[in-house]
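J.: I have a structure here, written as structure tokens, and I will follow up with some questions on it.
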Amino acid sequence: IKAQSEIKIQVEEDAPIISKHIYGHFSEHLGRCIYDGFYVGENSDIPNKDGVRTDIIEALKAIEIPNLRWPGGCFADTYHWKDGIGPKKERPTIVNQWWGGVTEDNSFGTHDFLNLCEALGAEPYLAANVGSGTVKEFTDWIQYVNHDGESPMAKLRRENGREKPWGVKYWGVGNEMWGCGGNMTPEHYANLYRQYATFMSSWSNDKGIYRIASGANVDDYHWTEVLMRDIPKHLIEGVALHSYSVIDWNNKSSATDFSEEEYFLTMKEALKMDELVTKHTAIMDKYDPDRKIDLVVDEWGGWYDVEEGTNPGFLYQQNTMRDAMIAGATLNIFNNHSERVKMANLAQTVNVLQAVILTNEKKMLLTPTYYVMKMYTVHHDAQLLPISFESPKYKVDGKSLPAISASASKDSNNTVHVSLVNIDAHKTNTVTVNMNGLNIKNVSATILSSEKLQDHNTFEEPNKVQSKEFKDFKLKKGMLSVDLPPFSVVVIEGK
Ligand code: AHR
């Protein structure tokens with residue numbers, strides 16, 4: 001069964017640039033994300049650079065990872081960075097109170113993380129401790145990583161073997177301050193934020209300093225309203241937002257063994273991101289009509305029950321074609337809102353929640369979400385091409401969702417890319433992309449699709465789901481007709 005819908009592309013000179021930082025990632029001290037994920041230690045027989053797996057570094061470089069958030073998450077407001085510097089053997093331990101109650105030896109600390117970011121060519125985004133820390137601890141961290149002259153913290157950094165500062169621009173002022181960050185009211189946090197932000201010097205770091213206020217939980221619009229109202233503009237560059245695609249927090253259901261109804265409900269949650277971003281943006285517009293302050297969605301993704309037999313506090317879940325649908329549709333939403341959304345972080349990079357990479361001892365696999373990230377690299381720092389279209393419906397049991405999600409951009413070589421997601425579990429949907437006026441002569445495309453929605457890569461069969469060349473389209477008189485298979489992501493390139 002085929003349905004037809006036409007995507008019209010507008011070329012607007014002043015359309016926003018899709019910041020590459022929308023394609024950011026998040027790595028928390030949680031389960032097997034850092035320890036036994038990224039970090040295996042210098043003495044591991046798994047190939048590593050300073051203890052970090054080289055296969056992970058290479059895989060993340062291939063998706064041009066623009067930034068990486070660390071060390072949490074909820075962990076951030078328990079973390080004391082000075083425990084993670086200096087000789088590894090002398091470091092105190094920390095009990096990870098939010099995630100499994102495990103004792104960590106602090107062997108992965110500031111130097112390890114920032115050197116990893118250098119190896120990745122990614123901007124570090126440090127989420128600092130406000131909930132159980134102090135202004136001094138916070139500002140010392142900034143001085144430690146950013147001060148180039150004579151100062152107590154620069155001296156300490158040099159004693160620990162690093163001469164030049166790393167130059168960290170992105171700083172989170174606490175995390176989920178309405179919850180694990182301290183159960184604060186927005187009024188209390190806004191005041192605290194003002195205090196912390198006042199002392200956050202960039203130390204002449206040539207990238208400047210970018211301060212991100214801990215943002216709302218999903219549709220807590222009051223939180224955003226209070227932060228925007230009470231924080232003076234010269235103290236803030238970004239306001240965060242967290243939203244996960246969860247069917248029911250008390251019954252999240254299996255990551256791999258799910259029904260079509262569960263798929264539908266997950267996608268309903270994922271597509272809500274459009275409404276969330278629209279409404280939080282409207283509040284921000286009220287206080288900041290010139291759009292000086294960015295919306296930073298620094299936690300998003302699918303969240304299911306953990307895999308059987310794994311620690312419930314470790315949030316280890318598999319990743320199927322459903323996750324590819326979440327990723328494709330959410331990234332399209334961020335692209336289309338790139339006037340305000342300048343940064344986002346998928347939770348979490350390795351072995352936790354909607355991971356792009358899973359590891360099992362020596363083995364590593366790339367998830368369907370990884371391939372979406374890879375296909376969408378073409379949008380990094382490209383100019384948005386606003387689009388309009390009527391989507392056909394995806395119907396399940398009398399309920400419906402828009403079946404098609406799309407976004408488009410033009411890069412610095414004038415190459416046009418259109419990313420299309422058909423979330424319908426059964427129907428091939430044919431879309432027509434009106435490319436008139438874009439001067440397109442050649443079209444090529446890539447697709448991510450599979451036989452079953454539940455398909456995923458395993459350590460036994462790591463390449464079951466992967467992107468490949470796609471040819472099911474026709475270009476005639478500037479009209480590109482594309483047959484999108486059920487639950488597929490397609491990226492079209494036109495030059
Ligand atoms: O990503 C897992 C957790 O989800 C983070 O630690 C927290 O910020 C959020 O609630």
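Where a number appears in this text, it was derived from the coordinates with a stated rule and is not lab data. Here the structure is a predicted model, which means the values were calculated and not measured. We place every Cβ from the backbone using ideal geometry, glycine too, and count neighbours over all the protein chains shown.
J.: Of L480, G86, Y376, whose Cα points farthest to the positive end of the dipole of the chain (charges on the beta-carbon: +1 Lys, Arg; -1 Asp, Glu; origin at the Cα centre)?
T.: Comparing the listed Cα positions along the dipole, L480 ranks first.
J.: Which net charge results for the neighbourhood of I57, defined as the other residues with beta-carbon distances under 14 angstrom from its beta-carbon, given Lys and Arg at +1 and Asp and Glu at -1? Before the final figure, lay out each step's value.
T.: Numbers: positive: K49, R53, K61; negative: D50, D55, E58, E64, D112, E118.
Residues close to I57 contribute a combined charge of -3.
J.: When you count, for each residue, the other Cβ atoms within 10 Å and take the mean per peptide, how do 480-486, 5-11 rank with the highest first?
T.: 480-486, 5-11
J.: Select from the range 301-347 those GluC sites (Glu not before Pro) which occupy a DSSP coil region and have at most 12 other Cβ atoms within 10 Å, ordered by residue number.
T.: E308
J.: Next up: With only Lys, Arg, Asp and Glu charged, each at its Cβ (+1 for the first two, -1 for the last two), find how big the charge dipole of the chain is about the Cα centre; round to the nearest 20 debye.
T.: Numbers: 51 positive and 67 negative charges, 237 e Å.
Charge dipole, the chain, about its Cα centre: 1140 debye, nearest 20.
J.: Mean residue ellipticity at 222 nm from the helices of the chain, using -39,500 (n - 2.57) per DSSP H segment of n ≥ 4 over the full residue count, to the nearest 500 deg cm²/dmol?
T.: Computed mean residue ellipticity for the chain: -7500 deg cm²/dmol.
J.: Right, next: In debye, nearest 20, what is the charge dipole magnitude of the range 261-361 about its Cα centre with +1 on Lys and Arg Cβ and -1 on Asp and Glu Cβ, if you could check?
T.: 460
J.: Further, regarding this structure: If eta is 1.567 mPa s and T is 4 °C, what Stokes-Einstein diffusion coefficient results for the range 397-477, Kirkwood Rh from Cα pairs, in µm²/s?
T.: Roughly 84 µm²/s, to the nearest whole number.
J.: Still on this model: Using Cα positions and a limit of under 20 Å, work out the lysines in reach of K207, with same-chain residues fewer than 8 apart set aside.
T.: By straight Cα distance, K207 reaches K20, K164, K169, K233, K292, K342.
J.: How much of the pair distance distribution for the chain lies past 34 Å, counting alpha-carbon pairs only, in percent? Working shown, then result.
T.: Numbers: 41629 of 122265 pairs.
The share of Cα pairs beyond 34 Å in the chain comes to 34 percent.
J.: OK, next. Which aspartates and glutamates, if any, have their Cα less than 18 Å from the Cα of K471, not counting same-chain residues under 8 positions apart?
T.: Those aspartates and glutamates meeting the cut-off are E451, D483, E493.
J.: Still on this structure: Using the alpha-carbon centroid of each, what span in Å lies between the range 333-405 and the range 1-50?
T.: 9
J.: Can you tell me what share of the DSSP beta bridges in the chain is antiparallel? A percent to the nearest 5 is fine.
T.: The answer is about 55 percent antiparallel.
J.: Still on this structure, please answer the following. Which one, G131, H337, T110, projects farthest toward the positive side of the charge dipole computed for the chain from Cβ point charges (K/R +1, D/E -1)?
T.: The residue sitting most towards the positive pole is H337.
J.: Once you list every other residue whose beta carbon is under 14 Å from the beta carbon of I492, what net charge do they have if Lys and Arg are +1 and Asp and Glu are -1?
T.: That sum, taken over residues with Cβ under 14 Å, equals 0.
J.: So what's the net charge close to R291: Lys and Arg +1, Asp and Glu -1, counting the other residues with Cβ under 13 Å from its Cβ?
T.: -2
J.: Tell me the angle of helix 135-146 to the major Cα principal axis of the chain, expressed in degrees between 0 and 90 and rounded to the nearest ten.
T.: Roughly 70 degrees between the two axes.
J.: A further question on this structure: Relative contact order, percent, of the chain when contacts are C-alpha pairs under 8 Å separated by at least 6 residues?
T.: Dividing the mean separation by the residue count of the chain yields 18 percent.
J.: What aspartates and glutamates could a cross-link reach from K395, if we take a straight Cα to Cα line under 16 Å and drop same-chain neighbours fewer than 8 places away?
T.: Qualifying aspartates and glutamates at Cα under 16 Å: E260, E261, E262, E269, D424.
J.: What order do you get for 32-39, 310-317, 348-355, 386-393 when each peptide is scored by the mean count of other beta carbon atoms within 10 Å, highest first?
T.: In decreasing order of mean packing, 32-39, 310-317, 348-355, 386-393 become 348-355, 32-39, 310-317, 386-393.
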